[in-house]
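Throughout, read-outs are computed from the coordinates displayed, never taken from laboratory work. This is a predicted model, so every value here is computed, not measured. Heads up, the Cβs are rebuilt from the backbone with ideal geometry, glycines too, and the neighbour counts pull from every protein chain shown.
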Amino acid sequence: MIEMKDVWKTYSNGIKAINGIDIKINKGEFVYIVGPSGAGKSTFMRMMYREEKATSGTIIINGKELGKLKNKHVPKLRREIGVVFQDFKLLPRLTVYENVAFALEVIEESKANTRKRVMETLSLVNLKNKARFLPDELSGGEQQRVSIARAIVNNPHILLTDEPTGNLDPETAWGIMDLLDQINNRGTTVIMATHNKDIVNTFRKRVIAIDGGLVTRDEARGEYGYEN
Amino acid sequence: MMKQEVNTGMKIKTFGRHGKEGFKNLGRNGWMTFASISAVTVTLLLVGVCLALLLNLNAFGDQLESDVEISAFIDLTAKQDQQDELKSRIENISEVESVTYQSKEEGLDNLIENLGDDGEVFESLKDENPLSDAFLVKTKDPQDVTAVAEEIKQLENVQDVEFAEDTVNRLFKVLEIARNVGLALVVGLLFTAMFLISNTIKLTIVARSHEIEIMKLVGATNWFIRWPFLVEGILIGIFGSIIPIGILIYGYYYLIDLIANRFPTLFIDLLPVTPFVYQLSGLLIVLGVIIGVWGSLTSMRKFLKV
Ligand SMILES: Nc1ncnc2c1ncn2[C@@H]1O[C@H](COP(=O)(O)OP(=O)(O)O)[C@@H](O)[C@H]1O
Ligand SMILES: [Mg+2]
């Protein structure tokens, strides 16, 4: 469960990115975060995995109050949250398999367990046959699926995706949506910041609209509501 | 869910990984690594030579100092009771350890003996001994020699006071200058080496920033991220200590050998090879590791941000 109570965020340069947000997201939900560029969507996401600290207010993730979380406990929080970006952030010199395994190696998972989990996850994202490929040898959609595999290989409770289809053509974007839906159906909470009107309007889920750092709309089966 | 416990202890496998990554880091900026190792080498070489010199000089100084005596020559006119009073006055000076009487005949014998071959010239003087009877004074602390000598000079019935003033003072001066010059050089070099190491590691951190970002994102602990860079620094320190240790061990053996074979009459007692050189070698490795760790911590504090 994710809960925000009267959360504010002012960056050190004085920009007020989030100006009093109250929100509750239950386990297993699929939520779109929509809003114009500069609305504060990415800041909202970054606060959830403690990449940014809220200036004031309370954020509770799986019972942990992030404001009170010690720095040394941040890694544990991050292991419960998968994060996916628009630009994939794959390591170019590692193969598909190695990129996904990397996430488990650096948290000291055993080799046998790593192998089993990586293979399972690669088959979930349908890339088992390209395990030995380098990121350069893949299409954009495939690269995004590797990055999703890396985010979920540790079975996190929550998957945060910040404009995951932003760099992809519509056809490919639909493939990614199918995958996210599948992940959501297994019980993972999925939160997706997006600009993609077609996806939001077709693939109907809860929509939280943010503008000027405030929640302007929160609908159970909402629409995009902006003219891109 | 998989086991989610964040392990702070280090498993053997993890230790191996950090070691491997540390070695890989060394290769990443070959020339910078080479420069860093060279800087550590020069630094430790100087530290080693300075320490070997200073410790030997100190030991030599101690030995000399313990030999330093003040000769207080007694006025020829002084009667026995005046001599006794003078002796007890000297003994009453708080820094004085012992006072012994030496007749002028003994004084001349000692002088002739000390001068060895050159002393023969003085044999002829035996009949008309130019020396006076004297009290030989030892101080508790060799450093007080000058002050005590001054004090004795003021006493009645003292004709003159002599001690190896120049030798003592010069030795202290030399020791002090050597110590200061050595220290300044070593400190300067230490900072240079540290600076080079931290810059080398900064380059590695920059080269791996992408990887570090992902590690943080997926929940690697801060120490898991730091260790390879720490290993890199430690390795630079250890590699940098190899040549200085080699030179030190070889050089010291050579020197001892040289003195023993070529200049057996030279009155210099160097500290014995064992355990001295090995202790010094251990110290150099430890110093190398400290410089390395210091360099990598400096770099991590500025650039790793974990
Ligand atoms: N690291 C940062 N430092 C300072 N200002 C930032 C930073 N990140 C974002 N901002 C500012 O905060 C506001 C919200 O940005 P962001 O959360 O990225 O919005 P969105 O993702 O909706 O486009 C913008 O005005 C942006 O310029
Ligand atoms: Mg954004």
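Laid out as a table, the results:
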quantity	calculated
FRET efficiency, 1/(1 + (r/R0)^6) with R0 35 Å, evaluated for A:K116 and A:N201 via beta carbons	0.35
Span-rule helices in chain B, defined as complete DSSP H runs reaching 30 Å or more along the axis (Cα) with Kyte mean at least 0.0	B:30-67, B:165-207, B:222-261, B:273-303
Stretch gain in nm, segment B:D144-B:D160, where the contour uses 0.36 nm per residue and the Cα spacing is subtracted	4.0 nm
Cβ-based charge dipole, the range B:69-163, positive-most Cα from B:I93, B:V148, B:V161	B:I93
Along each principal axis, Cα extent of chain B, largest first, Å	104, 43, 30
The range B:69-163 - charge dipole about Cα centre, Lys and Arg +1 at Cβ, Asp and Glu -1, debye rounded to 20	360 debye
Residues B:S124, B:S71, sorted so that the one with the fewest Cβ neighbours within 10 Å comes first	B:S124, B:S71
Kirkwood-Stokes translational diffusion coefficient of the protein assembly as shown, alpha-carbon pairs, 25 °C, 0.890 mPa s, µm²/s	82 µm²/s
Per-pair calculated FRET efficiency, R0 = 56 Å: B:T192 and B:S98 via Cβ, rounded to 0.05	0.65
Inverse mean reciprocal Cα-Cα distance (Kirkwood Rh) of the range A:9-130, Å	17.0 Å
P(r) weight above 21 Å for the range B:69-163, C-alpha pairs, percent	35 percent
Extended-chain gain in nm, criterion 0.36 nm per residue less alpha-carbon gap, B:V273 and B:Q82	63.5 nm
Residue with peak Gaussian network fluctuation, chain B [Cα springs, cutoff 10 Å], from B:F23, B:F172, B:F263	B:F263
Convex hull projection area averaged over all views, chain A, Cα basis, nm²	12.3 nm²
Helix-only CD estimate at 222 nm, as mean residue ellipticity for the protein assembly as shown, using -39500 (n - 2.57) per DSSP H run (n ≥ 4)	-18000 deg cm²/dmol
Ranked packing of A:46-59, B:91-104, most packed first, by mean Cβ within 10 Å	A:46-59, B:91-104
Of A:L90, A:L179, A:L69, the one that fluctuates the most in a GNM where chain A has Cα springs shorter than 10 Å	A:L69
Inter-site label distance for A:F133 and B:Y253 at 7 Å from Cα along Cβ, in nm	6.1 nm
